[in-house]
Amino acid sequence: MKKTEEIVEVGGRTLALSNLDKPMWKKEGITKSDIIQYYLSVAPKMVPLIRNRPLMLNRYPHGVPGKSFVQKDWPHHPDWVRTAPVRSESLNKTARHVVCDDQATLIWLANMACIEINQFLASAPDVESHDMVLVDLDPHPPAGFEDSLEIAEAVHAALDQMKLRHMIKTSGADGIHFLIPIVPRYPIEVIRRFVLLLGVLLERLAPKMVSTARNKGQREGKVYVDYLQNGLQKTIAAPFSLRPEPGAPVSFPLAPKDLKKSIHAEDFNLRTVPDLLKRVPDFDTAPNQALEYAFQELGAKS
């Protein structure tokens, strides 16, 4: 039997890890210790991608499936854990969002049963100005992961044509996410319009496979390009985040060549990802890309 508590040092910080043998995915035999070990293994790749971004944490104190709660505000935390103030209308106050700038913070979050780590599309302190565009490919049954991959190839080709550097990742379910670093100077309406225009282009190229319709009935069997996921204080599963679903899936970064392979969403999970890290290329998150040329390529003005 594993020890239930352990004092460890991570990145020069002392952490007291608790309830290490607690079942967190009961059916899969995954314990809290396994979750902490997972986040420790991915930290060198994950932390540079989420650094300086306020986080929304989905906590599962009793494991998956089980009751969970989303925590925005962290009034109590070690003094070395960084937080960023974000005005929350739902809480009617300024919330102290955790910002994960180092390995120790990531492990502290894992110990707090933060299974799912969701990031802002903006960086602190100016959370009103997005420095990341999200292209969210969301398949509606009977469309599935294979359909998302096929459309993702077209998105990748289009973004290359627009000279926009981008990260491709699985959603942790059947979808695909593209994250595009941009100069934080565009209103949300402009960012949404860019993603919508890209979606409309895909819709014209493959009308039987792609939809930008807000009406859910019109999305059946198609991959929906969800441009409205670009919104103030909206979050997205961070790269390498676990998702609270059967099998402990992971939102995993893909190389463009992966889109042509026979892969499945469930290939990427808590047990498999640590051995796949070598295949993940480093990604430059510098917010230095403009959208004007991309709009021009889409035949529109920004």
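Computed from the coordinates by the stated procedures, all read-outs in this text should not be read as laboratory data. What you see is a predicted model; the values in this text were computed from it and never measured. As a convention, Cβ positions derive from the backbone with ideal geometry for all residues, glycine included, and neighbour counts pool all protein chains shown.
Below are the figures for this structure:
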| item | result |
| --- | --- |
| Of Lys216/Lys261; Lys45/Lys67; Lys26/Lys278; Lys67/Lys234, those spanning more than 24 Å from alpha-carbon to alpha-carbon | Lys216/Lys261; Lys45/Lys67; Lys26/Lys278 |
| Choice from Asn92, Asn111, Asn58 showing the highest fluctuation, given a GNM over the chain with Cα pairs closer than 10 Å | Asn92 |
| Fewest-first ranking of Asp136, Asp160, using other Cβ atoms within 10 Å as the exposure measure | Asp160, Asp136 |
| Nonlocal amide H pairs with Tyr224, under 5 Å, H built at 1.01 Å | Asp138, His140, Ser211 |
| The chain: antiparallel DSSP beta bridges as a percent of all, rounded to 5 | 95 percent |
| For the range 138-177 and the range 69-86, distance of Cα centres in Å | 33 Å |
| Neighbour-count order for Arg51, Arg87, Arg219, fewest beta carbons within 10 angstrom listed first | Arg87, Arg51, Arg219 |
| Partners for Lys301 among lysines (Cα-Cα distance below 18 Å; same-chain residues under 8 apart left out) | Lys163 |
| 0 to 90° range, to nearest 10: angle between helix 188-205 axis and the chain longest Cα axis | 60 degrees |
| Three-way shape label, the range 179-257, alpha-carbon gyration tensor, a/c 1.5 | oblate |
| Residue among Pro207, Pro65, Leu259 farthest towards the positive dipole end of the chain, charges placed on Cβ | Pro65 |
| Nearest 10 degrees, 0 to 90: helix 145-161 Cα axis against the chain principal axis | 70 degrees |
| Calculated log₁₀ intensity ratio I(q)/I(0) where the Debye formula runs over C-alpha points of the chain, q = 0.08, 0.09, 0.14 Å⁻¹ | -0.35, -0.45, -1.08 |
| Sorted by Cβ density within 10 Å, fewest first, the residues Ile36, Ile117 | Ile36, Ile117 |
| Whole-Å distance, taken between Cα centres, linking the range 180-226 and the range 1-42 | 40 Å |
